[in-house]
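Each remark here refers to the structure printed beneath this line.
The values are calculated or read from the model by the stated rules, or taken from the named source; none is laboratory data. Quick caveat, the model's predicted, so the values are computed rather than measured. Heads up, the Cβs are rebuilt from the backbone with ideal geometry, glycines too, and the neighbour counts pull from every protein chain shown.
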Amino acid sequence: MVPVIEAGVQTHPAGMLTEGLGANLPRIDQPGQNEAYPHNEAEWQKLEHHLDWLGLSWLRYWLFGEEIIPRPGVFHPEHEYVQRLIRLHDWAKRRDAHLILDFGVTPTWLRFKAGDPRSYRLSAPYDLEQYVEAYALPLVKYVLRDLRLTQIKYLSLFNEPFCPDHNGFSFYVPKGVDVFAHYVSLFARMRRRLDEQGIASDELGLIGPNSHDLFVQPLSEMRKRGLDLLPHVAAVDEHCYRTRLDYLPAVHHIPTLTIGDMIATYLRPAVQAATARGKPYFLTEYSTFYYGGLTGDPQGPARHEAALTEIEFALRCLAAGASGVMKWSFINAGKFDGRWQYIETVDGSYAPAPHVYYAHAVFSRFTPRGGAIHPITFDAGKRRGLHGIMVKKGGQATALVVNDQPAEQIRVRFQRADFPAGKNLTARTTDAIQKFAALPAEVTADHVTILLNPMSVTAITTYDINDDEDAVL
């Protein structure tokens, strides 16, 4: 007999979806990634159709500025990286989506000269004044003032500093230079110069520390030194890949934590520390290495189990107070460190990668930016394997529920009063077999009951959107 589990929606929201659900576009300095981008108008239209249908509300784009400013005083505004940004901005303006601009790594002409080639490629800027005045500030002024790309809301100056996966070489500084002090000084200088140019934080906010995984805790290291990054950033952002479902064992190819341990030990304290200072907390990259990718099976991230793990982790982060999450990655060549993509672009088909695409479609199509996040509990928290939130905005509501049990169907019963009165309810689900399938809900005057399949993500929503229409944003 299928058990019936009572769902309770928390009255007071845990937070707001300040930016909502988004995804990353790939770094072009990695093998094959340049070919993952559209090459003609037809391909751009296919990519934009997927973005519209999925309802992604923000994207992170890597602008490798060295190709645009290859040396001081030389500027190439016609470069294809700029043209891509303009095209993405046109889409973002039409949809009122937001963009993060990421400068990735330090340009060659501003790097410390180190003996190890890894530390050289991932070097911090050796001259902060020159980095700001001859490189970062000209790029920002060009895209914001000359091109008027107003949907760019955030800027990341360096991707994943302090990263031990690079043997300690990420944001390299030579002996005698404190890496954390150097990082904070860079942000302080950049923020001051933006303000002096009339580019306030609410127009373009810096984000950091952009750390590669939650256990690195660079903000804690800064506090130990009496340093404070937060006055210079509009939001705290971090990444996370080392998670697994709570009931799964560790694996040999890479260290991981259960989702519950990762959130309790690292995510929730980080969110609380940020919000106590009036800063939203963003997870600007999330996925899981548990099934492979960087090490292990390179096809692992394309599996249904991986997609479900990603969504459960992101959903539980939102329940813990995160204000926006971005999956790695929307498009990807799949040739460097794993097959992460939503859609297949390298072969020209632009077809969905089914497990990733349709699981995240359930997550994003009915989940608007700006909604209030209400955690859901199941039988007062006694039920393992069920995790959920309800997102409410403007008289509409969407309940998102994951059943991560590998073989157990579970019937979940909500109070009808948890959903807005006078609204019809529909449901969509993705599991290992069904992809974005309609799911019948039993609706009475008092209850809404729905049967959840094993390893499924399900949305129960008041939004009346046909499957051939664009998603809410």
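Below is a table of values for the structure above.
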| item | result |
| --- | --- |
| Residue match in the range 201-215 (condition: assigned by TED's automatic domain parsing to the domain that holds Y290, closer than 30 Å to Y291 by Cα, of a type outside the set (G, A, S) and surrounded by fewer than 16 Cβ atoms within 10 Å (Cβ to Cβ)) | yes |
| Elements of type helices (runs of 4 or more DSSP H) in the range 199-291, at least 1 residues being under 21 Å from R369 (Cβ atoms) | 268-276 |
| Residue match in the range 84-103 (condition: more than 26 Å from F282 (Cβ to Cβ) and either surrounded by fewer than 17 Cβ atoms within 10 Å (Cβ to Cβ) or of a type in the set (A, V, I, L, M, F, W, C) (or both)) | no |
| Test: residue in the range 145-160 that is assigned by TED's automatic domain parsing to the domain that holds F75, more than 20 Å from V233 (Cβ to Cβ), in contact with a Leu (Cβ under 7 Å, 6 or more places away or on another chain) and in a helix (DSSP H, G or I) | no |
| Contacts under 6 angstrom Cβ, first residue in the range 457-470 being crowded, with 24+ Cβ neighbours inside 10 Å, partner charged (D, E, K, R), 6 or more apart | A459/R428 |
| Hits in the range 30-61 - residues which are under 27 Å from G208 (Cα atoms) and touching a strand residue (DSSP E or B) at 6+ places or on another chain (Cβ under 7 Å) | L56, S57, W58, L59, R60, Y61 |
| Neighbours by Cβ (under 6 Å, 6+ apart or cross-chain): first from the range 242-260, over 17 Å from D404 (Cα atoms); second acidic (D, E) and surrounded by 15 or more Cβ atoms within 10 Å (Cβ to Cβ) | R242/D213 |
| Strands (runs of 3 or more DSSP E) contained entirely in the range 355-409, each with at least 2 residues that are surrounded by 23 or more Cβ atoms within 10 Å (Cβ to Cβ) and hydrophobic (A, V, I, L, M, F, W, C) | 386-393, 396-403 |
| Residue within the range 204-227 that is of a type outside the set (K, R), at pLDDT 95 or above and more than 29 Å from I263 (Cβ to Cβ) present | yes |
| Some residue of the range 60-79 being surrounded by fewer than 18 Cβ atoms within 10 Å (Cβ to Cβ) and out of contact with any helix residue (DSSP H, G or I) (no Cβ under 8 Å at 6 or more places or on another chain) | yes |
| Top-ranked residue of the range 37-59 - restricted to ones that are of a type in the set (F, W, Y) and not in a helix (DSSP H, G or I), ranked as surrounded by the most Cβ atoms within 10 Å (Cβ to Cβ) | W58 |
